[in-house]
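The values are calculated or read from the model by the stated rules, or taken from the named source; none is laboratory data. A quick note: this is a predicted structure, and the numbers were derived from the prediction, not measured. Note: ideal-geometry Cβ built from the backbone for every residue, glycine included; neighbour counts use all protein chains shown. Please note that ligands, DNA and RNA were not included when accessible areas were found on the heavy atoms of the full protein model with its side chains. Shrake-Rupley method; radii C 1.70, N 1.55, O 1.52, S 1.80 Å.
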Amino acid sequence: MDDVLPTGFSNPVYDSATWVEIKRRYAQWAELHGYRYIETPVVESTGLFRRTAGETSDIVSKEMYTFEDAGGRSLSLRPEGSASVCRALVQHGLAASGTGLKFYYTAPMFRAERPQRGRYRQHTQLGLEVFKETDPSADAEVIAVLYGFFRRLGLGQLTVHINSVGSPACRPAYRDILVAYLREHMGQLSEDSQRRVDVNPMRVLDSKDPRDQEIVAGAPVMIDHLDEECREHFDGVKAALGALGIPFVINPRLVRGLDYYTKTAFEVTCDSLDGAIKVIGGGGRYDGLVEQIGGPSTAAVGFGSGIERVILALESQNIRLAKPRSAHAAVLYFDEGAKLEAFALAARLRETGVETDFPYRSRGVSKQLQAAVKSGVRFALIVGGEEGERGEVVVKDLLNRTQEAVPKDRVLEMLQQS
RNA sequence: GCGGAUGUAGCUCAGGUGGUUAGAGCACCGGAUUGUGGAUCCGGGGGUCGGGGGUUCAAGUCCCCUCAUCCGCCCCA
């Protein structure tokens, strides 16, 4: 009887209005920047994520919901969005269809972790991806869309962190230098980090363990070992962000949880939240991913942002995006004989664009009114009775506590105007 | 995967040292009101006490196991 995949919802009425509003504003904002909506499957072959996110990444190695279908194929619920979009791009030959391929999505992601505040087994990400653009301004635009979106929601205390994680051309050399440094201090590292030195040494850089941080503080960083191409790209991103007036900090120890990133990596934190859930959005460039899954070499950059965390951020700053909706009118009836007439009137109101409630259950007018008042409706229309025989409908303004009998043929007009 | 806390009505919770048919507030339903408002009063429906096992004449209460959720860690959005 419990949720298998808790989503972090606690107050459906408040949350649902906020939820819808965030998705609506995100779609609008993304489309304003030339992105088109893309919908990809919730399940993919397990191999897709293994190849792209990296065997050694935590997400793939221990956080995927993996199962076999009836035909014996290994499938996984998607833990992140980029791999699916890239797969769709390759499968449908979209990469060949010109420049400026820009997609956005709002989609549930699944990770088999221990649920807690701001971290759920099913969460929904707002995301987008740009393909075939190598220019640093594309990276900057992606960051600008994410940051600008948060700002337009009214969020403050935001910090944009950026870094470059290099490319396959320069990262291996840096990696050797880093590993050599870490080995010198092996004994002082935490057990987790000792293990990471072999598996994924760059992860040691963002360890929160105080023992590690002391060592990490003196460690060589990628941005000091970038090759010329990566260096220029990183400078270009910084310049473009500057031109847009987006404040950022360079965090040389920023590392992302997925292995496919190249060059730019970034996160946006909301500092009114605590700990790891401060990160309300993150992304970067992944020029090698499309080729890795069998497509043509294709540049790509994108981000993902968890709606649940965005809502937590909004709550932490007491920002309300939307009030719970309530209908504008409710059509009630004095007697059972007028019920279907009332039902039909409610339908006509809805057709003319008036949000309307109708009580299905037959109850006394007193109870119908009580329910209407409680639901927050502005107008109550009461059909039937003496007024009905005279060709009128009682229209009550529940806010101003006034009422009048209105000829039936004027009711629609009157409600539309109010 | 590790650590801590918590599971009793739809919700929030109460149920000293075991002891009748397990309670309250809110919510819901009905009535007072044969046709009119958020209040009030009266009444009502609702429970595998997370699940399983054990101890006992007797378990919501004690013991063991298990599951789930919440919080923290790891990691992530």
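A compact table of results
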read-out	value
Förster-model FRET efficiency, 30 Å R0, A:ASP335 and A:GLN417, C-beta, rounded to 0.05	0.60
Inter-centroid distance (Cα atoms) of the stretch A:55-130 relative to the stretch A:134-213, Å	21
Computed E for A:SER45/A:ALA217 - FRET, C-beta separation, R0 41 angstrom, nearest 0.05	0.45
In Hz, Karplus ³J(HN,Hα) per residue of the stretch A:363-378 (6.51, -1.76, 1.60; θ = phi - 60°; x = Gly, Pro)	9, x, 4, 4, 5, 4, 5, 4, 5, 5, 4, 4, 7, x, 5, 7
Relative frequency of Cα-Cα separations exceeding 28 Å in chain A, percent	58
Protection proxy ranking, peptides A:26-39, A:283-296, average beta carbon neighbours within 10 Å, highest first	A:283-296, A:26-39
Packing-based order for A:71-79, A:357-365, using average beta carbon neighbours within 10 Å, highest first	A:71-79, A:357-365
Chain A, accessible surface, carbon-and-sulfur percent (1.4 angstrom probe)	49
Order by protection proxy (mean Cβ within 10 Å, highest first), peptides A:306-317, A:108-119	A:306-317, A:108-119
FRET efficiency, 1/(1 + (r/R0)^6) with R0 25 Å, evaluated for A:GLU113 and A:SER74 via beta carbons	0.80
Per residue accessible area of chain A, 1.4 Å probe, in Å²	48
Sorted largest first, extent of the stretch A:329-417 alpha carbons per principal axis (Å)	28, 28, 24
Cα-based shape type of the stretch A:214-304, given that a ≥ b ≥ c are square roots of the gyration tensor eigenvalues and the cut on a/c is 1.5	rounded
